[in-house]
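Working notes, structure below.
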Amino acid sequence: MLLGLDRTLLWLAVRVLSLWVRPTALPVDEADRLRGRGRRVIYVLERRSLADLLALAIICRRVGLPSPLRGFRIGALREPRPVIPLERGRGWLRSRLDRRVPERLTRIIAAGGAIGDLDLDLVPVSVFWGRAPGKERSWLRLMFSEDWTLTGPFRRFLSTLVNGRRTLVRFGDPTALGELLDGPEPRRGCRRLVRVMRTEFRNARSAVIGPDLSHRRTIVAEVLAKRAVRAAVALEIRDRNSSRREALLLARRYAYEIAADISPRFVAFASGTLHRIWNRLFDGVEVLHPERLELAGQGAQIVYVPCHRSHMDYLLLSYVIYNRGFAVPHVAGGANLNLPVIGRFLRKGGAFFLRRSFKGNALYPVVFMTYLGVMMARGHPIEYFIEGGRSRTGRLLSPKTGMLAMTLRSFLADRSRSVVFVPVYFGYEQLFEAKTYIGELSGKAKQRETVRGLLRALPLLFKRFGRVYVSFGEPIVLDAELDAVSPGWRADREPRPPWLAGAVDVLARTIQCRVNSAAAISPVALLSLSLLSMPRHAMAESDLTRQLDLYRRLARLAPYSPDIWCTDSDGAAIIAYGQRLGILEKVEHPLGDVIRMSEENAILAAYYRNNILHAYALPSLIACAFLNNAAMRTEDVQRLVWRIYPYIAQELFLYWAEAEVPAVVERLLAALAELGLLEPTADRSVWRRPRTGAIEAVQLSVLANATLQVIERYYLAIALLLQEGREAITQEALENRCHQMASRMSHLYELRSPEFFDKTLFRQFLDLLRARNVTAVAAGGRLSYDDELLAVAADAQLVLSEQIRSSILQVTHA
């Protein structure tokens, strides 16, 4: 018997220990999963430990799994319990490990083989003392939290005593014993079974507390020993005429400048501190689709690729991941965040730093990429922002693909571990950096991150910022993406194959599209979408209530994606919530109260609207078609959407392929008809807008205004090009003129959308016109165009009213 205890004493030990130990089980549906297999269960523990056995017994009783304390019988063999410890300590202090095949496993296999009954499930069970999320944190608990070192009985006793209420019991995937032993040599199958179990335990421990990173010096030494770094050092010696010692010291300095110095105990302490900060700052942290953290694991290399809204992003994501029972990722941060004292704390929490530019330095990029490859080879999760910097407009930025390319090259160099990208969406109801963003959008220079600036921001910790949403998008398996881009990539062993650049671009767009697909439609975002569609950012309270309810119903009738989330609050509750946050003002009036936004709140509201604009982009485009037309044929609506979709899809990262758009338009037309915004004929060949003055007509107009400025911006660029004529202006000159004219329009007509005159968006639009052969570059770099551009301009006249077109043309002629 294990430790000489009989069943009665073990039962008493469980009853006593359960008064203190409160284990948490992962996954939560383990009982249903095992029952569905219909086999008898044998639990495999990572090591021989009475505390682990008792914790397993407690959790099994709670979730309804077979008890690990009951006797087990197979054939003539009778064992005291269905538990096999894979490793056992040897010696008086149990400081040495016995890694031989467990005798109990050998006996069970022999007895089952004798009667031909091996219909058993082996379930690996990892028990982590002090790693489960909990409310209480203290330095005493951190001292005895779980890590990779082997602990003796006394240390395990102290861990049980100190961290009993913060225990995590993780069940691995069950393995059918008979399938693994099905072969001519049972002994070889037995050894293979032990290897499978050890791999399961390593993956579980890596997923929960992170891989064994050893000491920072060990990581740096491994980086410097790599062949690529040695070759780069040799080039440094040759090109700069320096000594070998100087070049090696420079490479070592770069490695220390980059490398993280993660500390599990500091992470646990920081988690408790952040828990208190989030409670002070936010009304709640809503985590959407957290089950994808479990699905993305399974021994793969995880790369988190979130959108970038705020400096809070990396802290918030690491906090959520850690409190869901997974290892915090190594986070790539700009060297501007490597501040005195602050940089050291960030490194302890998993941050590693990179310079904004690698130009003019051949050694630094090699050291950085080698460090990234070492971390991936060790299986530690990584996090970086492919947008490069924080979005100041609320839209996703065009990806900066440098880190993505290095990730793919590291994977191609070492393909032993599959790579899974996990897109993450952040949605803030109020931004921590709001005033800073307003200043930058108003023309002020971007402020550098400094310790003094951080101290000046401390008073913000006493304000409230509403809710924040963290939504995990559908994971992207790199192997499958490469199969779609280059089916023969597995046979290609070049370090930089010719298809790599195209694969990086496709992967970057896929990531951004899946980030948007996981968006959270919050109350503040809906208020911003509604009020910014009005000239003075004001609506009658009754009209605003109806518009908010309309947007919620539309999100449920025709959701943008299966992963998108929409608030459950009705229009009246959303307005009341906006008033509590201080972003709405109510003006009482005898004919009905008016809800409005102040000028400062309206500027920020554009940010929150842009967070979800993609979710309503196509319904809004369809509504635009009826601003200037009382009725339209279905084929005309389809043509207008088909004409503009490629450009708005690129700008807003819409995820539908062009071939899918006609079916999406049909579905949206049906939804708008069900909401009363459009009236179809019997055969649905013609669609009419509601009569002028009807409530539904006003709602349709407000919906259309959400994307009207996008069409105006495209029309402005086309009008300027047509005004110049064929082969009369270069693209760069046209971009500058578009930017200046749009900026002028924003002043003349008080447009509160900074993206309206964003030069980058004009560049992307003109690039796509060229890529689709609507325009071409002629002699001298000047732009030429064909009749297709005239057709685009003609279609724009169907959408834009004569007054809007005249306003745009008036500005361009001026």
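Tabulated data
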{"read-out": "Cβ-Cβ FRET estimate between SER542 and VAL587, R0 fixed at 22 Å, reported to 0.05", "value": "0.95"}
{"read-out": "Two-site FRET efficiency, ASP787 against ALA221, from Cβ-Cβ distance with R₀ of 51 Å, rounded to 0.05", "value": "0.20"}
{"read-out": "Spin-label pair ASP414/THR450, simplified geometry with 7 Å Cα→Cβ offset, distance in nm", "value": "4.1 nm"}
{"read-out": "Relative contact order computed over the stretch 205-363 (Cα-Cα under 8 Å; 6+ residues apart), in percent", "value": "34 percent"}
{"read-out": "Accessible area of the chain belonging to carbon and sulfur atoms, whole % at 1.4 Å probe", "value": "54 percent"}
{"read-out": "For the chain, calculated [θ]222 nm from helices alone, where every DSSP H run of n ≥ 4 adds -39500 (n - 2.57)", "value": "-16000 deg cm²/dmol"}
{"read-out": "Largest to smallest principal axis extent of the C-alpha atoms in the stretch 406-556, angstrom", "value": "64, 47, 27"}
{"read-out": "Spin-label pair ALA794/ASN336, simplified geometry with 7 Å Cα→Cβ offset, distance in nm", "value": "4.8 nm"}
{"read-out": "Cα gyration tensor, the stretch 601-666 - rounded (a/c under 1.5), prolate or oblate", "value": "oblate"}
{"read-out": "About the Cα centre, charge dipole magnitude for the stretch 473-575 (Lys/Arg +1, Asp/Glu -1 at Cβ), debye", "value": "200 debye"}
{"read-out": "Sequence-separation-based contact order of the chain, relative, with Cα cut under 8 Å and 6+ spacing, percent", "value": "9 percent"}
{"read-out": "Crossing angle, helix 500-517 versus the chain [Cα axis fit, 0-90 degrees, rounded to tens]", "value": "80 degrees"}
{"read-out": "Rg(Cα) / (2.2 N^0.38 Å) computed for the stretch 690-800, rounded to two decimals", "value": "1.20"}
{"read-out": "Signed unit charges on C-beta, dipole axis of the chain, positive-most listed residue ASN163, THR510, THR707", "value": "ASN163"}
{"read-out": "Dipole axis of the chain (+1 Lys, Arg; -1 Asp, Glu on Cβ), positive-most option in MET376, VAL419, GLY360", "value": "MET376"}
{"read-out": "Efficiency of FRET between ARG464 and ILE115 - r from beta-carbon atoms, R0 60 angstrom, step 0.05", "value": "0.35"}
{"read-out": "The chain: translational diffusion in µm²/s, Stokes-Einstein, Kirkwood Rh over Cα pairs, 25 °C, 0.890 mPa s", "value": "81 µm²/s"}
{"read-out": "Cβ-based net charge around GLY592, under 12 Å, with every Lys or Arg adding one and every Asp or Glu removing one", "value": "-3"}
{"read-out": "Span from the the stretch 337-351 Cα centroid across to the the stretch 706-781 one, whole angstrom", "value": "42 Å"}
{"read-out": "Extension gain, ARG356 back to HIS747 (0.36 nm per residue minus Cα-Cα distance, nm)", "value": "137.4 nm"}
{"read-out": "Dipole in debye (nearest 20) - the stretch 569-635, about Cα centre, beta carbon charges: Lys, Arg +1; Asp, Glu -1", "value": "160 debye"}
{"read-out": "Loop-resident sites, the stretch 645-696, for trypsin sites (Lys or Arg not before Pro), counting at most 15 other Cβ within 10 Å (DSSP)", "value": "ARG684, ARG691"}
{"read-out": "Linear extension gain, THR273 paired with ARG245, 0.36 nm per residue minus alpha-carbon span", "value": "5.8 nm"}
{"read-out": "Simple Cβ-charge dipole of the chain, Lys/Arg +1 and Asp/Glu -1, about Cα centre, in debye nearest 20", "value": "4820 debye"}
{"read-out": "Ratio of the Cα radius of gyration of the stretch 255-299 to 2.2 N^0.38 Å, where N counts its residues", "value": "1.62"}
{"read-out": "Alpha-carbon centroids, the stretch 661-689 and the stretch 555-619: separation in whole Å", "value": "25 Å"}
{"read-out": "Within the chain, longest stretch clear of exposed chymotrypsin sites (Phe, Trp or Tyr not before Pro) (DSSP loop, no more than 11 other Cβ within 10 Å)", "value": "93-814"}
{"read-out": "Net lengthening on full extension, ALA573/TRP656 (0.36 nm per residue, minus Cα-Cα)", "value": "26.6 nm"}
{"read-out": "Bridge type composition, the chain - antiparallel percent by DSSP, nearest 5", "value": "50 percent"}
{"read-out": "Mean accessible surface per residue for the chain, computed with a 1.4 Å probe while every protein chain stays in place, in Å²", "value": "45 Å²"}
{"read-out": "10 Å Cβ shell holding at most 16 others, DSSP loop, GluC sites (Glu not before Pro): longest site-free stretch of the chain", "value": "137-448"}
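The values are calculated or read from the model by the stated rules, or taken from the named source; none is laboratory data. No experiment lies behind these values; they were computed from the predicted model shown. In this analysis, Cβ positions are derived from the backbone assuming ideal geometry, glycine residues included, and neighbour counts consider all displayed protein chains. Remember, those area values only see protein heavy atoms, side chains included, never the ligands or the DNA or RNA. Shrake-Rupley method; radii C 1.70, N 1.55, O 1.52, S 1.80 Å.
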